[in-house]
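Reading through the structure tokens given below for one structure.
The values are calculated or read from the model by the stated rules, or taken from the named source; none is laboratory data. Note that the structure is a prediction, hence the values are computed from the model and not measured. Don't worry about glycine lacking a Cβ; one is built from the backbone with ideal geometry, like all the others, and counts go over all protein chains shown. The area values use the complete protein model at the heavy-atom level, side chains included, leaving out ligands, DNA and RNA. Shrake-Rupley method; radii C 1.70, N 1.55, O 1.52, S 1.80 Å.
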Amino acid sequence: MNNPLIVSSSPHLRSSDTTSSIMLDVIIALSPALLAGVFFFRVRALLVILVTVGACVLSEYLARKAMKRESTLADLSAVVTGVLLALNFPATLPLWMAAIGGAVAIVIVKQLFGGLGQNFVNPALAARVILLVSWPVQMTQWITPGPDAVSSATPLAVIRNGKESVEGSLPGLLQLFSGNVAGCIGETSVIAVLLGAGYLFYKRIITPEIPLAFIGTAALFIWVFGGESLFAGNFIYHTLSGGLMLGAFFMATDYATSPVTSKGKILMGIGCGLLTGVIRLYTNYPEGVSFAILLMNIVTPLIDRYTIPKSFGGEKASA
Amino acid sequence: MFPRKGFKGGAAVPHRKNTAEIETVSMGIPQKVAIPMSQHIGAPCETVVKKGDFVKVGQIIGDSSAFVSSPVHASVSGTVVEISPRLFAGGSQVLTVEIESDGKQEIYEDIKPPKYANQKEFLEMIRKSGLVGLGGAGFPAHVKLSPPPDKKIDTLIINGAECEPYITSDYREILENSWNILCGIEILMELMSFKDVWIGIEDNKPEAIRILSEMADNHDNINVVNLKSRYPQGAEKMLIYAVTGRKVPPGKLPADVGVIVMNVNSVSFIAEHIKTGIPLVKKKVTVDGSAVKNPSNVEVLIGTPLEEVFNYCGGFKSEPAKILMGGPMMGIAQYSLQNSVVKQTNALLAFDESEATLPKESVCIRCGKCVEACPMNLIPLSINQGVSNQNLESLKKYHINDCIECGCCSYVCPAKRYLVQSMRLGKTMLRNAAGK
């Protein structure tokens, strides 16, 4: 024996999971929504996706270089942010705006706060909201799916502004489920989002607490308060519309900006659901998922602080 | 057969029980043994022999008057050639007696099957036998069996979970000496008045479950429990919870919930000792790992240098980069092949470079996998942060001292962070701060 033995503290065995394998799984889980988006909104959607992801990856590379830090492209987190952001854009968005969105997400929201795991809000959502207040018209320019794209309102906007007067223009539940409606590239197809979510559960990338609490609370709130009288809201329609599914499974579960304990995750989900219901029913915005998640992102450290569990067999910690 | 029982959290570690079907072989007498005076939790022994003395197998060479301690015996007959402190893999200097074997393995004259009339004499016999917890912790058995009188003990749990990868020495003992295990249990039941005895075995060892279930069939109070194969099922607190549903509070002992836990090899030894009177001078050891030529189960005399055990198993097929005493999850890395097999040694593993290389740590992504995996319900990522920031208040807030150091958090971490390692550091930081 020529070389000295390696002496280290146990465990001497590690699982095969890595940060990049997890990110790759998230990308795989997002691919049904990506494909559905491209199928419904054609080449425009593809261009928006490519530009957004490209902008995110390039920003990540340049930001790390400017800060003289190790390149983190290999962890694939910039790609995930890019895909999530693109799925939250309308297919008609000018490409230069998409690029700016990617740069804002990576440079301002993620890297300036310390990079992966340190950002206090979800980079994709924060960038979406920044774009929404900067270019409200372009960010809400919806088109109908298919080759002869004409501008159209989203189902939620129809409910919000038109109510029964425009009943005829509301798509049916089946259309909502498949995604054949106006909306963001990745939000419209419920079935595609659910397929991806199933993969995330199967690979144990996410746990059910946040999405179930989120969707359940939002549905309950809208059922109780969303109708002409109490308990008459059309919660099924609301649940399948807008960004709720994508947000609940892919955005609210973002590791860096959601609580780590089971109890904390349930609180996060309930908070997101309540805020979504309140915004959808009582504000001028037809859609509230992004804002709800961002607000809950901000209280995540607080939730974490007050949900320290008791040790096995032990007493509860004082906060 | 009972339904599978388990605990919350833990990790699905690979089993790698490559040596499960390999019968134990006795490796014979080494030329020289080096026997440390501390192979247990508690006060180290003082030597009762001098350089030049002739000793025989089973003769006491080190003892202590402290209650929490355990005497040490010569494992070979021969001459004491050296008594000097040696660096232990744990980092401390331990007085070590080197004996050059005369190859005859003469048994010490005083050794005969022990007699005991009552519990007190029985416990004294156990103390003299040098028995410590053979599962790896090395807690003196007579201390474990002497709980304070105010603790009402009603349950004995025999730990045959063997949840660490690679190790099969408990499994082989069940297959090869099941009768001793049952005898040992009966002896303990008679003396300690346990109401129930449970033998916990992970369900990846169906043959062991079958054998002991059949034998336990004629005993109303002895039952075999089918445990879910999940690490760390064999950890005392997790085992007690899985079997009885009782939770041992942090900082408390199994006796506080009326339970005593003993390893299968420990109870088997008790039966064997009562038959022969020979104290603890040998150990059943699983030898495995990517660098080992012939993975085996070997009966080894205590004090045998590791190198000789590996040589007995065909030597190394590739250069070993890391040598472990114990399993890969909690085993202790050895700095030298000249270190000795001790009482707690249940496995010797040798890994080549590809498996021994330390992973590079990257940033925490807060995935929460460590939180899910922690069987003690802690938040390892927050403790890790507290250690990095040297924030002692935060360490207490996150219950760092309740950590059992099973290593699940580090195992599952995708960022390959040194989580449990930082907890050990954090505990030391707290101890040092308290000592000031």
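Overview of results
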quantity: Odd one out for B:S77, checked against (1) farther than 30 Å from B:I167 by Cβ; (2) hydroxyl-bearing (S, T, Y); (3) surrounded by fewer than 17 Cβ atoms within 10 Å (Cβ to Cβ); calculated: (3)
quantity: Near pairs, Cβ below 6 angstrom, 6+ apart or cross-chain, from region A:67-96 (touching a residue at least 24 places away in the same chain (Cβ under 8 Å)) to any residue that is of a type in the set (G, A, S) and not in a helix (DSSP H, G or I); calculated: A:L87/A:G186
quantity: Residue within region B:291-310 that is within 17 Å of the chain's Cα centre (by Cα) and of a type in the set (S, T, N, Q) present; calculated: yes
quantity: Residue within region B:217-234 that is in a helix (DSSP H, G or I) and in contact (Cβ under 8 Å) with a residue 12 or more places away in the chain present; calculated: no
quantity: Which numbered condition B:I379 misses (of (1) modelled with pLDDT of 95 or more; (2) out of contact with any helix residue (DSSP H, G or I) (no Cβ under 7 Å at 6 or more places or on another chain)); calculated: (2)
quantity: Some residue of region A:58-71 being within 20 Å of the chain's Cα centre (by Cα), surrounded by 21 or more Cβ atoms within 10 Å (Cβ to Cβ) and within 11 Å of another protein chain (Cβ to nearest Cβ); calculated: no
quantity: B:S178 vs. criteria assigned to a helix (DSSP H, G or I) and of a type in the set (S, T, Y); calculated: yes
quantity: Yes/no for A:T207 being open to solvent by less than 20 Å² (accessible area, probe 1.4 Å), among the β-branched types (V, I, T) and touching a residue at least 12 places away in the same chain (Cβ under 8 Å); calculated: no
quantity: Candidates B:G42, B:G6, B:G103, filtered to the one that is among the small types (G, A, S) and farther than 30 Å from B:P232 by Cα; calculated: B:G103
quantity: Filter result (more than 7 Å from chain A (Cβ to nearest Cβ) and open to solvent by 10 Å² or more (accessible area, probe 1.4 Å)) within region B:424-436; calculated: B:L425, B:K427, B:T428, B:M429, B:L430, B:R431, B:N432, B:A433, B:A434, B:G435, B:K436
quantity: A:L93 assigned to a loop (DSSP other than H, G, I, E, B), over 28 Å from B:L419 (Cα atoms) and in contact with a helix residue (DSSP H, G or I) (Cβ under 7 Å, 6 or more places away or on another chain); calculated: yes
quantity: Count of residues meeting criterion [more than 14 Å from B:H273 (Cβ to Cβ), open to solvent by 50 Å² or more (accessible area, probe 1.4 Å) and either modelled with pLDDT of 95 or more or under 21 Å from the mean Cα position of the chain (by Cα) (or both)] in region B:122-152; calculated: 2
quantity: Test: B:I379 is within 27 Å of B:C163 (Cβ to Cβ), at the interface with another protein chain (Cβ under 7 Å from one of its Cβ atoms) and either without any contact (Cβ under 8 Å) to a residue 12 or more places away in the chain or out of contact with any strand residue (DSSP E or B) (no Cβ under 7 Å at 6 or more places or on another chain) (or both); calculated: yes
quantity: Subset of region B:249-268 (residues that are outside any helix (DSSP H, G or I), modelled with pLDDT under 95 and among the hydrophobic types (A, V, I, L, M, F, W, C)); calculated: B:L253
quantity: In region A:35-57, the residues that are open to solvent by 20 Å² or more (accessible area, probe 1.4 Å) and more than 21 Å from A:V150 (Cα to Cα); calculated: A:L50, A:V51, A:V53, A:G54, A:V57
quantity: Any chance A:I185 is within 15 Å of the chain's Cα centre (by Cα) and at pLDDT 95 or above; calculated: no
quantity: Selected residue [modelled with pLDDT of 95 or more, within 14 Å of chain A (Cβ to nearest Cβ) and open to solvent by 10 Å² or more (accessible area, probe 1.4 Å)] from B:E299, B:E307; calculated: B:E307
quantity: Breaking point among (1) open to solvent by 40 Å² or more (accessible area, probe 1.4 Å); (2) over 20 Å from A:D304 (Cα atoms); (3) assigned to a helix (DSSP H, G or I); (4) at pLDDT 95 or above, for B:Q421; calculated: (1)
quantity: Test for B:L358: is it closer than 26 Å to B:M325 by Cβ, surrounded by fewer than 20 Cβ atoms within 10 Å (Cβ to Cβ) and within 8 Å of another protein chain (Cβ to nearest Cβ); calculated: yes
quantity: Residue within region B:366-374 that is modelled with pLDDT of 95 or more, more than 9 Å from chain A (Cβ to nearest Cβ) and in a helix (DSSP H, G or I) present; calculated: yes
quantity: Some residue of region B:390-407 being within 7 Å of chain A (Cβ to nearest Cβ), closer than 30 Å to B:K293 by Cβ and at pLDDT 95 or above; calculated: yes
quantity: Condition broken by A:Q141, with the remaining ones in (1) in contact (Cβ under 8 Å) with a residue 24 or more places away in the chain; (2) in contact with a helix residue (DSSP H, G or I) (Cβ under 9 Å, 6 or more places away or on another chain) satisfied; calculated: (2)
quantity: Scope region A:14-34; condition at the interface with chain B (Cβ under 7 Å from one of its Cβ atoms) and either surrounded by 23 or more Cβ atoms within 10 Å (Cβ to Cβ) or among the β-branched types (V, I, T) (or both); matching residues; calculated: A:T18, A:T19, A:I22
quantity: Scan of region A:170-194 for residues that are closer than 30 Å to B:A12 by Cα and surrounded by fewer than 16 Cβ atoms within 10 Å (Cβ to Cβ), ordered by number; calculated: A:L194
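Here's the yes/no breakdown for (1) within 13 Å of another protein chain (Cβ to nearest Cβ); (2) open to solvent by less than 20 Å² (accessible area, probe 1.4 Å); (3) closer than 23 Å to A:G227 by Cα; (4) hydroxyl-bearing (S, T, Y):
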position: A:L246; (1), (2), (3), (4): no, yes, no, no
position: A:F250; (1), (2), (3), (4): no, yes, no, no
position: A:T253; (1), (2), (3), (4): yes, yes, no, yes
position: A:L281; (1), (2), (3), (4): no, no, yes, no
position: A:E287; (1), (2), (3), (4): no, no, yes, no
position: A:P301; (1), (2), (3), (4): yes, no, no, no
position: A:P309; (1), (2), (3), (4): yes, no, no, no
position: A:G314; (1), (2), (3), (4): yes, yes, no, no
